[in-house]
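Note sheet for the following structure.
The values are calculated or read from the model by the stated rules, or taken from the named source; none is laboratory data. Note that the coordinates shown come from a computational prediction; the quantities given were computed from them, not determined experimentally. Glycine gets a Cβ as well: all are built from the backbone with ideal geometry, and neighbour counts include every protein chain shown.
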Amino acid sequence: MLRRSLIAGASAGAMSTIALSAQASPQFPSRPIRAVVPFAPGGNADTLARIIADRLSPRLGQPIVVDNKTGAASMIGAAYVAKSEKDGYTLFFGVSAIFLTVQLIKNPPLRMSELMPVTRIHDVGVAMGIPKDLGVDDLAGYLKLTKEQPGKHSYGSYGVGTGAHVIAEIMKKRSGAVITHVPYRGEAPAVQDLLAGNVTSAFGSVGSLAQFPDKIRIVAVLTPKRLRQFPDIPTFAEAGFDMGPITGWAGVFVATGTPAPIVEKLAANINAVCAMPDVQARILEMGYQPVEPQKDLSNLIAEQERAWKAAAEEADVTID
């Protein structure tokens, strides 16, 4: 039922056409827009959302206020947008792992059918970093160290039930590594605690970890192949942990039921912003991958829903 709901929501947004866009009310937008980011300020997801909002504002002729609503693995921010007015004035800058999280919560605050995808803005490569002064050079070395020193190692993630949490638990089960999970409200505080020595590894976007090349060694990234801007970082599959088809991407969503012409207008303008050379450069700099605009996200959503569900079952991850 969840898969059918996701496909229905995605297809509803995709059915609008350029012709419908031309019919969009000239009054939209006639007041400020709220962009909800489910992660703490300072991380790459937050930074990029602010860059897009800044470029999008003059195109739409209205201010765009970024509102960080963190917690519950993005569910607080997602539910806020899902329950908002169906008018296009409240946007959700989320990541695809939300399709995982909503399955793990016993009583989720929203159904995914209540969120409609507007557009995909970039692909996300979840990466794992360790301190350079830890004395190991790669993922295998780190995992071996955790077994030799049980109780001394921990990993920071950007929340319980997130993609990072699932990836790490799969890795632990397959390797027998002994690492304690420390969840944060976003990647920025996790990376800061890695730098401070409060955890011995952390997960986040490649770009967030790559900001500290003298202190952090990135040992793996969850992408189908190596990133062209970070060719020396092996994929998890290359490091011995093939996670199958699971991957990550970020997109913009609105409450389901938002009029199709408004969704189409938002999509066209967000896609135009993401295609700007300076925005493309920042996307790459942060370790993300630019994507071509997609009018129909239903196949991608269905595939990821299946893949993340299987991964969560293997990881035995649940949310109370």
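Quick notes on this one:
- When the residues of segment 30-85 are filtered to those that are acidic (Asp, Glu) and under 15 Å from Phe253 (Cα atoms), the one that is surrounded by the fewest Cβ atoms within 10 Å (Cβ to Cβ) is Glu85.
- Residue identified as at negative phi, at pLDDT 95 or above and among the hydrophobic types (A, V, I, L, M, F, W, C) among Ala35, Ala40: Ala35
- The listed residue being modelled with pLDDT of 95 or more and part of a helix (DSSP H, G or I), out of Leu100, Leu143: Leu143
Yes or no, residue by residue, for (1) within 15 Å of Val219 (Cα to Cα); (2) in a strand (DSSP E or B); (3) of a type in the set (D, E, K, R); (4) modelled with pLDDT under 95:
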site	(1), (2), (3), (4)
Tyr155	yes, yes, no, no
Glu169	no, no, yes, no
Pro189	no, no, no, yes
Gln192	no, no, no, no
Phe203	yes, yes, no, no
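- Test: residue in segment 31-52 that is over 26 Å from Leu227 (Cβ atoms), within 14 Å of the chain's Cα centre (by Cα) and part of a strand (DSSP E or B): yes
- Residue satisfying condition, being among the charged types (D, E, K, R), under 22 Å from Ser201 (Cα atoms) and touching a helix residue (DSSP H, G or I) at 6+ places or on another chain (Cβ under 6 Å), within set Glu314, Glu305, Glu264: Glu314
- Some residue of segment 228-241 being crowded, with 22+ Cβ neighbours inside 10 Å, of a type outside the set (Ser, Thr, Tyr) and in a strand (DSSP E or B): no
- Subset tally (residues that are aliphatic (A, V, I, L, M), crowded, with 22+ Cβ neighbours inside 10 Å and not in a helix (DSSP H, G or I)) for segment 171-187: 1
- Considering the conditions (1) touching a strand residue (DSSP E or B) at 6+ places or on another chain (Cβ under 8 Å); (2) buried (at least 18 other Cβ atoms within 10 Å of the Cβ); (3) without any contact (Cβ under 8 Å) to a residue 40 or more places away in the chain, Pro117 is excluded by exactly one of them, (3).
- Wholly within segment 250-320, helices (runs of 4 or more DSSP H) carrying at least 1 residues that are out of contact with any Cys (no Cβ under 8 Å at 6 or more places or on another chain) and farther than 19 Å from Ile98 by Cα: 260-274, 277-285
- Contacts under 7 angstrom Cβ, first residue in segment 289-304 being under 15 Å from Ile270 (Cα atoms), partner surrounded by 17 or more Cβ atoms within 10 Å (Cβ to Cβ) and of a type in the set (Val, Ile, Thr), 6 or more apart: Pro290/Ile283; Pro293/Thr119
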